[in-house]
Amino acid sequence: MQVTVVNARELDIDRHIRLLREAFERSTWANQIGATLTREFYLWKYFSPVGETVISRVRDKGTIVSSVSAIPTLFRTPSGVKNGWQVGDIATLPSQRSKGHYRTCLSALVEKLGSQLLVCFPNENSRRGIESQGFGLAADVLTFVRPLNPFATRSRLDDPGNSRITFGDFNPVDRDGSYSFFRNREYLEWRYKKNPACRYDIIQREEGYCVQRSFNIFGRKVGIVMEVAARSERALADLIKESESVGAGKGMQANFIMTSPPLYPSLRRRYLRLPQVLLPKRQSLYFRAPGAEQVPADWNVQIGDWDGL
């Protein structure tokens, strides 16, 4: 058994995708995941404006049997913007599971990158390995839903393809003193307008922006607010309401918001929080800081921080 850590430019992308396909083919979300398992998607995903992805791999008898990736990420912290990594694409061939390969990959990755901030959204199968490397629970991502009225006044985006929309730079309300994923214009343009596998509706207004994606859940078309940023609570609530109108206009039956901080009162009256027992996966952010630094208690996380990544 041999473990290696490589940069994305050294990776055989096609071979890597074959490993991911075999590892995820039995997943509940195999169809949705499969849409992103293409060469084009990974050439986009692994080379972001922030930097180049790092991948840890275990080879056994000439075959890559397990891998873990770390995608370069920027974090907003109380002491300023810092570089770090989001751990993901945790994959092991079904025939090679329970042999310690995943933990070997993860350990090598943490050894290389552990001097910087690390985060991960693990599933139940990978959570213990993450915890064994010093990651702690930072935030649970809560799910809220609102049924949409098909007869309500519908909003129409001026540009259905969003190709002419330009993101503004906003300092979102209520983020002082908290940790979050840092967004700038360059990253948002790459993330939502250049993604080759997913299409998003972008609502851009003077006071902020809202990104929405359509999704099929059990055969029903719904809208999911990927992320929203605004200069005030009122502007943020208005953007959410406009996303409902956009969704209704596209035949969506419900609008979902997935976020770690509580909704503002004006939105809590409109949205129902779904109990965790009804959800297929607990979406939780785990955080690892260098040295003895404690896991920060105040995180602001939205679904766009992990969707497709």
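Suppose the filter is among the small types (G, A, S) and at pLDDT 90 or above; does S180 pass it? Against the criterion (among the small types (G, A, S) and at pLDDT 90 or above), S180 qualifies. Considering (1) touching a strand residue (DSSP E or B) at 6+ places or on another chain (Cβ under 6 Å); (2) farther than 30 Å from E131 by Cα; (3) polar (S, T, N, Q); (4) surrounded by fewer than 20 Cβ atoms within 10 Å (Cβ to Cβ), the lone condition that S232 does not fulfil carries the number (1).
For the range 109-137, enumerate the residues that are hydrophobic (A, V, I, L, M, F, W, C) and surrounded by fewer than 21 Cβ atoms within 10 Å (Cβ to Cβ).
Once the filter is applied, which keeps residues that are hydrophobic (A, V, I, L, M, F, W, C) and surrounded by fewer than 21 Cβ atoms within 10 Å (Cβ to Cβ), the range 109-137 yields L113, L137.
Per-residue answers, yes or no, for (1) open to solvent by less than 10 Å² (accessible area, probe 1.4 Å); (2) more than 20 Å from Q133 (Cα to Cα); (3) touching a residue at least 40 places away in the same chain (Cβ under 8 Å):
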residue: S48; (1), (2), (3): no, yes, yes
residue: S56; (1), (2), (3): yes, no, yes
residue: I64; (1), (2), (3): no, yes, yes
residue: S67; (1), (2), (3): yes, no, yes
residue: S79; (1), (2), (3): no, yes, no
residue: K82; (1), (2), (3): no, yes, no
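Taking the range 220-263 as the range and being within 21 Å of P275 (Cα to Cα) and part of a loop (DSSP other than H, G, I, E, B) as the test, the residues that pass are Q253, S260, P261, P262, L263.
Of all the criteria given as (1) at pLDDT below 90; (2) under 24 Å from D238 (Cα atoms); (3) in contact with a helix residue (DSSP H, G or I) (Cβ under 7 Å, 6 or more places away or on another chain); (4) not charged (D, E, K, R), the one not satisfied by A197 is (2). For the criterion of being touching a residue at least 24 places away in the same chain (Cβ under 8 Å), open to solvent by 10 Å² or more (accessible area, probe 1.4 Å) and more than 22 Å from D298 (Cβ to Cβ), E242 passes. Picking from residues in the range 194-216 that are in a strand (DSSP E or B) and hydrophobic (A, V, I, L, M, F, W, C), the one that is nearest to the chain's Cα centre (by Cα) is V211. Residues of the range 190-215 that are in contact (Cβ under 8 Å) with a residue 40 or more places away in the chain and among the acidic types (D, E): D201 alone. Residues in the range 264-278 that are in a loop (DSSP other than H, G, I, E, B) and out of contact with any helix residue (DSSP H, G or I) (no Cβ under 6 Å at 6 or more places or on another chain): R269, R270, Y271, L274, P275.
Matching residues to (1) charged (D, E, K, R); (2) open to solvent by 60 Å² or more (accessible area, probe 1.4 Å):
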residue	(1), (2)
E10	yes, yes
L37	no, no
L43	no, yes
Q86	no, no
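Evaluating E22 against the criteria (1) free of Cβ contacts under 8 Å to residues at least 40 places away in the same chain; (2) in a helix (DSSP H, G or I) leaves one unmet condition, (1). Could you tell me whether L263 is open to solvent by less than 20 Å² (accessible area, probe 1.4 Å), free of Cβ contacts under 8 Å to residues at least 24 places away in the same chain and of a type outside the set (F, W, Y)? In short, no. The strands (runs of 3 or more DSSP E) falling completely within the range 36-155 that include 3 or more residues that are among the polar types (S, T, N, Q) map to 63-77, 80-92.
Among the residues of the range 84-104, those identified as in contact (Cβ under 8 Å) with a residue 60 or more places away in the chain and closer than 22 Å to A138 by Cβ are Q86, G88, D89.
In the range 176-189, of all residues being hydrophobic (A, V, I, L, M, F, W, C) and touching a residue at least 60 places away in the same chain (Cβ under 8 Å), the one that is farthest from V81 (Cα to Cα) corresponds to F181.
The values are calculated or read from the model by the stated rules, or taken from the named source; none is laboratory data. In this text, all values refer to a predicted model and were calculated from it rather than measured experimentally. All Cβ positions, glycine included, derive from the backbone under ideal geometry; neighbour counts span all protein chains shown. For the accessible areas, the whole protein counts, side chains as well, though only heavy atoms, and no ligand, DNA or RNA atoms are used. Shrake-Rupley method; radii C 1.70, N 1.55, O 1.52, S 1.80 Å.
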